[in-house]
Amino acid sequence: IGDFSPSSFIFLSFCRKILILSFWQEDEFNWLLKEEVHAVLKQLQDVLKEAHRRFSMPTPGLESQLKQENFILGSSTMDQVKGVLTLQGEALVQADINLKVTKSSQVLHFQFREDKQWKLQQIQDARNHVNQALQLLNSRDESYHFKTGAEVNKLMDAVMLQLTRARNRLTTPASMTLPELATSGLMKMFMPPMPGDVMVNFYINLSKLCLTVYQLHVLPPNTTKNFKPAGSSVLHNPGAMFELNNNRFEVSHVHKVECVVPWLNDTLVFFTISLQLCQQLKDKVGVSFGR
């Protein structure tokens, strides 16, 4: 073949090292796709199964029945509002509320009618998103062979989307207008019925179950007060105005009370752990191998 020059020998040695490194990287990458990816997916499934279990804790000794939990509402407004809420999974099955009317100091007592429950849509939606994340993971069992890093990233992106939506449902209560609150089905839940100058709203904020009570007064038809309807909000302030059935109202007092639901806090922690596992796998696939 002829003599090799020193430079040719160096070049061939370099090519040989590149080839060996390439084979080594290919083997390691295949190992990652075959073994480590599935190990992380198993971790994710275990964490999300724990999160899902928190949404449907059974009654001890009665596995077919969801556990009922009572929570005492704490107030930061001079005990104007007191109460006990009974939560069963995603349903508020009882609310026992005492409201001290600001002007008269009269105490009003309300509770859910026995035939009524109030579904907390935020909890229901969060649970559904966890279910969808688990379905995505279950579709790639241990026998499935990932062919590319892009395929892994696509799965992780889909799982992270569901987890982010689940977390956002618990951390971002829905905004509502005052007329929407006034005509909500929640106002028909109570016995005795709520008076026309009181409105309530329940929502989840992080790991807290919150109750907001609005006291209203009717604005006289000939009032010279500048009427400006309030927009949509999670929490409306005193002075907010709205119109309903040709009557104009102003919020005179707002009372917000809340209680901590420990299993909601657990669920948020599981969401954070799961999102971190997804991102770490994406980083390992993307940065280490660039595929």
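Taking amide H atoms as placed 1.01 Å from N in the peptide plane, the amide H of ARG248 lies under 5 Å from those of LEU219, each 5 or more residues away in sequence or on another chain. Taking one quarter of the surface of the C-alpha convex hull of region 198-291 gives a mean projected area of 10.0 nm².
Distance between the pseudo-spin-label points of LYS147 and GLN65 (7 Å out from Cα toward the beta carbon): 5.3 nm. In sequence order, region 241-258 has phi-based couplings of 10, 7, 10, 8, 6, 6, 10, 10, 10, 10, 6, 9, 9, 10, 10, 10, 10, 8 Hz under the Karplus curve 6.51 cos²θ - 1.76 cosθ + 1.60, θ = phi - 60°, and Gly or Pro positions carry x. If R0 equals 30 Å, the separation of the Cβ atoms of SER233 and ALA39 corresponds to a calculated FRET efficiency of about 0.05.
Provide, for q = 0.10, 0.16, 0.20 Å⁻¹, the log10 of I(q)/I(0) from a solvent-free Debye sum over equal Cα point scatterers in region 107-249. One equal scatterer on each Cα of region 107-249 leads to -0.53, -0.93, -1.21. Computed with a 1.4 Å probe on the full set of protein chains, the accessible area for LYS225 sits at about 100 Å². With r defined as the distance between the Cβ atoms of THR171 and ARG140 and R0 fixed at 22 Å, what FRET efficiency is calculated, to the nearest 0.05? E(calc), rounded to 0.05, equals 0.20.
The values are calculated or read from the model by the stated rules, or taken from the named source; none is laboratory data. Please read these numbers as outputs of a predicted model, since none were measured by experiment. Please note: Cβ atoms are built from the backbone with ideal geometry, for glycine as well, and neighbour counts cover all protein chains shown. Heads up: the accessible areas ignore ligands, DNA and RNA and are worked out on the full protein's heavy atoms, side chains in. Shrake-Rupley method; radii C 1.70, N 1.55, O 1.52, S 1.80 Å.
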